[in-house]
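Read through the structure below, which is laid out as C-alpha cells, and then see the notes.
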Amino acid sequence: YYDLQITLNTNSRIVVGGIVGALNSGSKVINCLNYGNINITKSSQVTEASASSQYVGGIAGEISGNSTTIKNTAYGGEVSSNITDANFYAGTLVGYLNCAQASTNYNVNFSYWSQSALNYYGTGYSITSDYLSQQPVINRAFLL
C-alpha cells in the first residue's frame, strides 16, 4: 500500500503502474494487490499540443509484446488526474494495451478493481480475458 503523486514538469512520455510501469513480452504479474492511490498532474509547462503519451494503471501502465499476463490481481485504490489531453490514457488495471495482435497476446484474468470512474483499461486493443470484475470494495473479506 502506498500513494503515488506525480507532477509532470516536461513534455515527456511516462508509463506508471501501481505494481509495474511497463509489462513486456512474456512478462507476468500474478497474485498481486495494490491499495494505493495514483494521482498524476501536469504543470503549466506541459501543453497538450506537445505532450507525449502518458500511460497510467493501477496494476500496469502499459502492456505489450507476446504472452503478457496479468492474473489474480486486485486494485483497491483510485487513479486520478487533472490531465484531459488526448495523449493521456488511464485505467484501473492497465493504462494502455499496446499491440495490434493483443487479442492473442495479452491475458488479463481473474482481476478486480473498486474504482467506478474508470474502465479496467484506458485504451488500446482488445484482450483475451476471463473473469474481470468491479467490486464495491477490495478488502480482506473479499480476498478470502
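Exactly one of these conditions fails for Ile59: (1) at pLDDT 85 or above; (2) hydrophobic (A, V, I, L, M, F, W, C); (3) over 21 Å from Asp3 (Cα atoms). Give me its number.
Of everything listed in (1) at pLDDT 85 or above; (2) hydrophobic (A, V, I, L, M, F, W, C); (3) over 21 Å from Asp3 (Cα atoms), Ile59 misses just condition (3).
Cβ-Cβ under 6 Å, sequence separation 6+ or interchain: first residue in region 13-29 and farther than 14 Å from Ser64 by Cβ, partner outside any strand (DSSP E or B) and aliphatic (A, V, I, L, M). Which pairs?
Gly18/Ile59; Ile19/Ile59
Residue-wise test of (1) at positive phi; (2) open to solvent by 20 Å² or more (accessible area, probe 1.4 Å); (3) not in a loop (DSSP other than H, G, I, E, B).
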site	(1), (2), (3)
Thr7	no, yes, yes
Val15	no, yes, yes
Asn39	no, yes, yes
Val46	no, no, no
Gly61	no, no, yes
Thr73	no, no, yes
Gly77	no, no, no
Asp85	no, no, no
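Looking only at region 20-37, count every residue that is buried (at least 19 other Cβ atoms within 10 Å of the Cβ) and under 21 Å from Ser116 (Cβ atoms) and tell me the total.
Here the count works out to 1.
Can you run down the residue pairs with Cβ atoms below 9 Å, 6 or more apart or on separate chains, where the first is in region 72-88 and at pLDDT 85 or above and the partner is crowded, with 18+ Cβ neighbours inside 10 Å and of a type in the set (Lys, Arg)?
Ser81/Lys42; Asn82/Lys42; Phe88/Lys42
If I filter region 87-102 down to residues being of a type in the set (A, V, I, L, M) and outside any strand (DSSP E or B), which single residue comes out as most open to solvent (accessible area, probe 1.4 Å)?
Narrowing region 87-102 to residues of a type in the set (A, V, I, L, M): 90, 93-94, 97, 100, 102.
Among the residues that remain, those that are also outside any strand (DSSP E or B) are: 93, 100, 102.
Working: Leu93: 0, Ala100: 71, Ala102: 0 Å².
If we take residues in region 87-102 being of a type in the set (A, V, I, L, M) and outside any strand (DSSP E or B), then Ala100 is most open to solvent (accessible area, probe 1.4 Å).
Restricting to region 119-143, name every residue that is surrounded by 10 or more Cβ atoms within 10 Å (Cβ to Cβ) and in a loop (DSSP other than H, G, I, E, B).
Asn119, Tyr120, Tyr125, Ser126, Ile127, Gln135, Ile138, Asn139, listed by residue number.
Only one of (1) closer than 25 Å to Gly26 by Cβ; (2) modelled with pLDDT of 85 or more; (3) β-branched (Val, Ile, Thr) is not met by Ile127, so which one is it?
In the conditions (1) closer than 25 Å to Gly26 by Cβ; (2) modelled with pLDDT of 85 or more; (3) β-branched (Val, Ile, Thr), Ile127 misses (2) alone.
The values are calculated or read from the model by the stated rules, or taken from the named source; none is laboratory data. In this text the structure is predicted, and so the values were computed from the model without any measurement. No Cβ is skipped: glycine too gets one built from the backbone with ideal geometry, and neighbour counts run over all protein chains shown. The protein model used for the area step is the full one, side chains on, heavy atoms only, and it has no ligands, DNA or RNA in it. Shrake-Rupley method; radii C 1.70, N 1.55, O 1.52, S 1.80 Å.
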